[in-house]
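Novice: My questions will all concern the structure given below.
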Amino acid sequence: MTYEIIKELTTTKKDKTPDHQLGFGKRFTDHMFSMDYEEGKGWHNAKITEYKPIELSPAATVLHYGQAVFEGLKAYATEAGEILLFRPDQNFKRLNRSNERLCIPAIDEEFALYALKELLQIDRDWVPTSEGTSLYIRPFIIATEPYLGVSPAKNYKFMIIMSPVGSYYAEGINPIKILVEQHYVRAVAGGTGEAKAGGNYASSLKGSELANAQGYAQTLWLDGKEHQYVEEVGSMNIFFKIAGKVITPALNGSILAGITRDSMINVLKSKNIPVEERKIAFLEIVEAANNGTLEEVFGTGTAAVISPVGYLKWSDGAIDVNNGQIGEVTQMLYDTLTGIQYGKLEDTFGWTIKL
Ligand SMILES: *Cc1c(COP(=O)(O)O)cnc(C)c1O
């Protein structure tokens, strides 16, 4: 593996959207990183070029059979003008785990991080600085071989694109309403649920659309076999606080191992708040709500950090969580994590790296 990156930079810089008009994932920075894979040759042709469309054969495997994986992380601007990345090594490690599941050749994790830093350095002034904004980073790999046969492709493209994103909570942290999906499932053990594969998202759209149409922000996914056990919420991991203890579904093969999830578990432990990873029946949550011990519910993920849940609806009833207000532990976790990410709190965990 060579650590050389060809740089073909652009001199025509795009206009930047004002921070308060930034949505999510609609604008892209001036440059992108790309690298190719060819059987027998390995990964090569590492380049940073202008952000532009790519050329792809209409027969490219990814377009037909969905051999594609991705990651999502963020760069944060500190008040002192530094740029921080949050646990980026974990993203590239997970990308390789996803690669393994989808029969995509592994990337060099260290080189990928080096390439990301080079790209970030070049587009450094694209990291927005207003409160709550960040630069969303999307590494991904697609199968590019023009071949209609069903087998792992012989050619791939690894790319990193970046998008300035607005404050997720510009209007304050408002707990969301969730619909428990009892028919469609996101993933099953043995499937690709624990890989960050594009196809998982394609198959989750139907459930999300049905939830949205009924006025719910997200879907609560149950297990694919018995439709009884809690898995995830939308594309976030889920946590419940019951009688002072925080519980989250154990990683069982169909749940995505969120880096935010892992970070929250570590923050909880550091604050001596009991936290447990285990199988959680949805009926257990209903029972806790009925006997008054369900205190907080929240989802976790890179995009929102933490998303408090205020209301859960399922076929036989509904649950109000904490009177639709954000809970104490949820707020503490949000403050702690964003404090570390934006360099406002001391990073005792060693999670952030400076550009
Ligand atoms: C990416 C993702 C998450 C959250 O992972 P983070 O590393 O915390 O961003 C949770 N669930 C699904 C299905 C995901 O794709």
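Novice: Residue 94 - would you say it is surrounded by 19 or more Cβ atoms within 10 Å (Cβ to Cβ), modelled with pLDDT of 95 or more and on the phi > 0 side of the Ramachandran plot?
Specialist: Working: surrounded by 19 or more Cβ atoms within 10 Å (Cβ to Cβ): yes; modelled with pLDDT of 95 or more: yes; on the phi > 0 side of the Ramachandran plot: no.
Here the answer is no, as residue 94 does not meet what is asked.
Novice: Looking only at segment 253-277, filter to residues that are open to solvent by 70 Å² or more (accessible area, probe 1.4 Å) and basic (Lys, Arg); which one of those is farthest from the ligand (Cβ to nearest atom)?
Specialist: 271
Novice: Pull up segment 295-318, narrow it to residues that are among the polar types (S, T, N, Q) and open to solvent by 30 Å² or more (accessible area, probe 1.4 Å), then point me to the one that is farthest from residue 260 (Cα to Cα). Let's see the steps before the verdict.
Specialist: Residues of segment 295-318 among the polar types (S, T, N, Q): 300, 302, 307, 315.
Filter once more, so that each one left must be open to solvent by 30 Å² or more (accessible area, probe 1.4 Å): 302, 315.
On the way: 302: 6, 315: 30 Å.
So the residue we want is 315.
Novice: Hey, among the residues in segment 224-252 that are surrounded by 16 or more Cβ atoms within 10 Å (Cβ to Cβ) and more than 14 Å from the ligand (Cβ to nearest atom), which one's farthest from residue 96 (Cα to Cα)?
Specialist: Ranking the qualifying residues of segment 224-252, first place goes to 242.
Novice: What pairs come out if I take residues in segment 139-155 that are closer than 16 Å to residue 40 by Cβ and of a type in the set (Val, Ile, Thr) and pair them with residues that are at pLDDT 95 or above and buried (at least 16 other Cβ atoms within 10 Å of the Cβ) whose C-beta lies under 8 Å away, six or more apart or interchain?
Specialist: Qualifying pairs under 8 Å: 144/36; 144/60; 144/61; 144/62; 144/153; 144/155; 144/156; 144/157.
Novice: Right, something else. Yes or no: residue 11 assigned to a loop (DSSP other than H, G, I, E, B), in the same structural domain as residue 77 (by TED's automatic domain parsing) and of a type in the set (Val, Ile, Thr)? Spell out the reasoning first.
Specialist: Values: assigned to a loop (DSSP other than H, G, I, E, B): yes; in the same structural domain as residue 77 (by TED's automatic domain parsing): yes; of a type in the set (Val, Ile, Thr): yes.
Considered against the rule, which asks whether it is assigned to a loop (DSSP other than H, G, I, E, B), in the same structural domain as residue 77 (by TED's automatic domain parsing) and of a type in the set (Val, Ile, Thr), residue 11 comes out as yes.
Novice: In this structure, does residue 104 turn out to be within 16 Å of residue 194 (Cα to Cα), open to solvent by less than 30 Å² (accessible area, probe 1.4 Å) and β-branched (Val, Ile, Thr)?
Specialist: On the way: within 16 Å of residue 194 (Cα to Cα): yes; open to solvent by less than 30 Å² (accessible area, probe 1.4 Å): yes; β-branched (Val, Ile, Thr): yes.
Against the criterion (within 16 Å of residue 194 (Cα to Cα), open to solvent by less than 30 Å² (accessible area, probe 1.4 Å) and β-branched (Val, Ile, Thr)), residue 104 qualifies.
Novice: Taking the condition open to solvent by less than 40 Å² (accessible area, probe 1.4 Å) and within 13 Å of the ligand (Cβ to nearest atom), does residue 139 pass?
Specialist: Yes, satisfied.
Novice: Considering segment 181-223 alone, what residues qualify as being out of contact with any strand residue (DSSP E or B) (no Cβ under 6 Å at 6 or more places or on another chain), within 15 Å of the ligand (Cβ to nearest atom) and of a type in the set (Asp, Glu)?
Specialist: Residue satisfying the conditions is 194 alone.
Novice: For residue 327, only one of the following conditions fails: (1) within 12 Å of the ligand (Cβ to nearest atom); (2) touching a residue at least 24 places away in the same chain (Cβ under 8 Å). What is its number?
Specialist: Unmet for residue 327, out of (1) within 12 Å of the ligand (Cβ to nearest atom); (2) touching a residue at least 24 places away in the same chain (Cβ under 8 Å): (1).
Novice: If we only count helices (runs of 4 or more DSSP H) wholly inside segment 16-133, which ones have 1 or more residues that are away from the ligand (no atom under 16 Å from the Cβ), under 16 Å from residue 163 (Cα atoms) and touching a Leu at 6+ places or on another chain (Cβ under 8 Å)? Don't jump to the end; show me each part of the working.
Specialist: Working: elements: 61-65, 88-101, 109-122.
Correct list: 109-122.
Novice: Next question. Only one of these is hydrophobic (A, V, I, L, M, F, W, C), open to solvent by less than 70 Å² (accessible area, probe 1.4 Å) and outside the structural domain of residue 91 (by TED's automatic domain parsing): 202, 189, 213. Name it. Can you show your working first?
Specialist: Values: 189 fails: open to solvent by less than 70 Å² (accessible area, probe 1.4 Å); 213 fails: open to solvent by less than 70 Å² (accessible area, probe 1.4 Å).
202 is the lone residue from the list that is hydrophobic (A, V, I, L, M, F, W, C), open to solvent by less than 70 Å² (accessible area, probe 1.4 Å) and outside the structural domain of residue 91 (by TED's automatic domain parsing).
The values are calculated or read from the model by the stated rules, or taken from the named source; none is laboratory data. Only a predicted model underlies this, so the values are computations on that prediction, with no experimental measurement involved. Note that we place each Cβ from the backbone using ideal geometry, even for glycine, and neighbour counts take in every protein chain shown. When the accessible area is computed, the model is the full protein with side chains, heavy atoms only, and any ligands, DNA or RNA have been set aside. Shrake-Rupley method; radii C 1.70, N 1.55, O 1.52, S 1.80 Å.
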